[in-house]
1. Based on what the data block shows, is Thr15 part of a loop (DSSP other than H, G, I, E, B) and either within 11 Å of the ligand (Cβ to nearest atom) or more than 20 Å from the chain's Cα centre (by Cα) (or both)?
2. Quick one: which residue in Leu253, Leu268, Leu240 is in the same structural domain as Ser172 (by TED's automatic domain parsing) and assigned to a strand (DSSP E or B)?
3. Which condition from (1) in contact (Cβ under 8 Å) with a residue 60 or more places away in the chain; (2) in contact with a helix residue (DSSP H, G or I) (Cβ under 8 Å, 6 or more places away or on another chain); (3) surrounded by fewer than 23 Cβ atoms within 10 Å (Cβ to Cβ) is the one that Gly9 breaks?
4. Quick one: in the stretch 109-134, which of the residues that are of a type in the set (S, T, N, Q) and away from the ligand (no atom under 15 Å from the Cβ) is surrounded by the fewest Cβ atoms within 10 Å (Cβ to Cβ)?
5. Quick one: which residue in Arg333, Arg377, Arg327 is basic (Lys, Arg), within 19 Å of His6 (Cβ to Cβ), in contact with a Ser or Thr (Cβ under 8 Å, 6 or more places away or on another chain) and assigned by TED's automatic domain parsing to the domain that holds Ala85?
6. Please state which one of Gly301, Gly275, Gly282 is touching an Asp or Glu at 6+ places or on another chain (Cβ under 6 Å) and not charged (D, E, K, R).
7. Does Thr258 fit the bill of being surrounded by fewer than 20 Cβ atoms within 10 Å (Cβ to Cβ) and of a type outside the set (Gly, Ala, Ser)?
Amino acid sequence: MTHQVHIIGGGMAGTEAAWQLARRGIQVRLSEMRGGGDMTAAHQGTGLAELVCSNSFRSDDDTSNAVGLLHHEMRRCDSLIMAAAARAQVPAGSALAVDRDVFSAAVEETLASLPNLTVVRERIDAIPDQGHVIIATGPLTAPSLATAIGTATGADALAFFDAIAPIVHHDSIDMDICWKASRWDKGEAAYINCPMNEEQYRAFHQGLLDGDKTEFREWEANTPYFEGCMPIEVMAARGLDTLRFGPMKPVGLDNPRTGRWPHAVVQLRQDNKLGTLWNIVGFQTKLKHAEQVRLFRTIPGLQNAEFARLGGLHRNTFIQSPRVLDRQLRLLRDPRLRFAGQITGCEGYVESAAIGLMAGLMTAAELGGRAWTAPPRTTALGALLSHVTGDAEAETYQPMNVNFGLFPPPPADVKKKQRKEAYTLRAKADLTTWLA
Ligand SMILES: Cc1cc2nc3c(=O)[nH]c(=O)nc-3n(C[C@H](O)[C@H](O)[C@H](O)COP(=O)(O)OP(=O)(O)OC[C@H]3O[C@@H](n4cnc5c(N)ncnc54)[C@H](O)[C@@H]3O)c2cc1C
């Protein structure tokens, strides 16, 4: 074996991890199947770090936006992806957008300049049985390798589709309307309940039927609807009362303000250990994002809801990271293997690259015999890593973008208007300490 680390997948995460390792003098083999006779259903070419859809890395505002803050932190960690984005940038207001061909070429060119990095155009079908391995094969991992990953993680820990229910920031829920309780008051008061009367329910049901939906892409058309994760609008189409016998069931939920069961109830369940994020139970949906915001804000108690994530359903290979990985992205069952990128359950180009960056740093530390210290949870890197590796609820784990709901909240006396800035100022200061 001529390499010390084998990285599988030359996308956003794999190239960033390769850069972080190879520039520290470590021998790396980077295997990418495109260009070796294979293709995914969404990629178009053979370039490394191909952007499969939008050419935007979203907001570049590092003073009040979580992904902008992540850009800032990655730049300070000498990120390849951020450096290539700077070379390929095109005008896009406050967003960071790139010419995708220039971007991919910049990544390739930089990696080609590293003598201890070998890029091999090959599909990997089995997990290499020795040495350090980083699996960064993304949402469209080749089926043969996905099977091998399922064997390594346990098949029940690997998903081929996501079923994303919207997530709401806790501090945007109106608790003068909602109340906390579990059905029949069994156990602790685990759910936030939003009550609906009959008129509100009928209007909401009609809104689900009428709302604009996103179509599946051609290659996603066989997305299975398991009964347990059927889109809410598909359930609504089965009949007016189907939802009242499903996720909007009111039985056993006494509204403390009326002493009665409402006509229907929307329930939210805690989604992270910090208690800052709550998912709307059973509300996975293909409704368009703007439609979701409009319709879900008609739910009593959610009229001012701020969404950390909106619902969706896509083809997406990802593992149940909070359950199967340790805090250093290593598979608990076989710590030689690390996972990086979207396959860990983060979502987005930037987030995938950020997890790749940290996987590279962790592996470099391990090979150098140094203890790795994770970035503080108050930073975007640390918040994202903590979420993926244990802070998210494992049972309901679904892909997640970086957002302020993943961070410990700033002190309660910070005014609402200043909270975003408080997050970013604190993150930058804590990153400085960490980098030092
Ligand atoms: C259709 C689609 C559209 C998306 N649109 C956006 C968007 O607009 N904005 C956004 O921020 N995010 C988007 N995403 C989400 C996601 O963030 C990106 O897919 C991102 O590229 C993930 O980075 P990654 O490195 O984890 O995976 P990828 O960038 O997909 O890289 C994985 C690489 O591994 C290779 N590979 C797979 N299996 C093997 C194998 N067995 N052997 C060798 N190589 C292999 C693939 O060819 C690929 O190059 C989209 C995802 C999909 C599927």
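The values are calculated or read from the model by the stated rules, or taken from the named source; none is laboratory data. Please read all numbers here as calculations on a predicted model, not as lab measurements. Quick reminder, even Gly has a Cβ in these numbers, built from the backbone with ideal geometry, and neighbours come from all protein chains shown.
1. no
2. Selected residue: Leu268, the only one of Leu253, Leu268, Leu240 that is in the same structural domain as Ser172 (by TED's automatic domain parsing) and assigned to a strand (DSSP E or B).
3. If we test Gly9 against (1) in contact (Cβ under 8 Å) with a residue 60 or more places away in the chain; (2) in contact with a helix residue (DSSP H, G or I) (Cβ under 8 Å, 6 or more places away or on another chain); (3) surrounded by fewer than 23 Cβ atoms within 10 Å (Cβ to Cβ), just (3) comes out false.
4. My answer is Gln130.
5. Going through Arg333, Arg377, Arg327 in turn, the sole match is Arg333.
6. Residue meeting the stated conditions: Gly301.
7. So Thr258 fits the description; yes.
Here's the yes/no breakdown for (1) hydrophobic (A, V, I, L, M, F, W, C); (2) free of Cβ contacts under 8 Å to residues at least 60 places away in the same chain; (3) outside any helix (DSSP H, G or I); (4) within 13 Å of the ligand (Cβ to nearest atom):
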{"position": "Gly45", "(1), (2), (3), (4)": "no, yes, yes, yes"}
{"position": "Met74", "(1), (2), (3), (4)": "yes, no, no, no"}
{"position": "Ala85", "(1), (2), (3), (4)": "yes, yes, no, yes"}
{"position": "Val107", "(1), (2), (3), (4)": "yes, no, no, yes"}
